[in-house]
1. Please determine whether any residue of region 50-72 is at positive phi and out of contact with any Ser or Thr (no Cβ under 7 Å at 6 or more places or on another chain).
2. Name the residue, out of Gly89, Gly81, that is modelled with pLDDT of 95 or more, of a type outside the set (S, T, N, Q), at positive phi and surrounded by 12 or more Cβ atoms within 10 Å (Cβ to Cβ).
3. Failed condition for Val101, given (1) surrounded by fewer than 12 Cβ atoms within 10 Å (Cβ to Cβ); (2) under 12 Å from the mean Cα position of the chain (by Cα); (3) aliphatic (A, V, I, L, M), with all others met?
Amino acid sequence: MKTIRMQAFATVTASAALFLVSLSAQAQSASETLYKGKCAACHGADGAGSATGTKMGAHDFTTAAVQGMSDTELADIITNGKNKMPKYGASLKPEDIKGLVAYIRAFKK
């Protein structure tokens, strides 16, 4: 009986872990899609800045200056805009903005 419970517990635990990994991959994919649609034109697909974005003063997400910003600071800029950066607070959900911040973190050198 104890072995059956342990096997059931292991199965449930493994299923939960796979579910969480799947959710994480879906969130990453959604953030990547959102980044490509809203950010890449200026910040570049690799986060280092496109030719147009560089001319406009778009920040390079791979730099220590950007990576050193807090998640709150990055979320605030995405939400409220800054300089030539448009504000996205009215068009994006808070979880989308949080996902973009996490995606920006992936550009760290």
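The values are calculated or read from the model by the stated rules, or taken from the named source; none is laboratory data. Nothing here was measured: the structure is a model prediction, and the numbers come from that model. When we count neighbours, we look across all protein chains shown, and the Cβ atoms used for this are built from the backbone with ideal geometry, even at glycine.
1. There is at least one residue in region 50-72 that is at positive phi and out of contact with any Ser or Thr (no Cβ under 7 Å at 6 or more places or on another chain).
2. That would be Gly81, the only listed residue that is modelled with pLDDT of 95 or more, of a type outside the set (S, T, N, Q), at positive phi and surrounded by 12 or more Cβ atoms within 10 Å (Cβ to Cβ).
3. Failed condition: (1).
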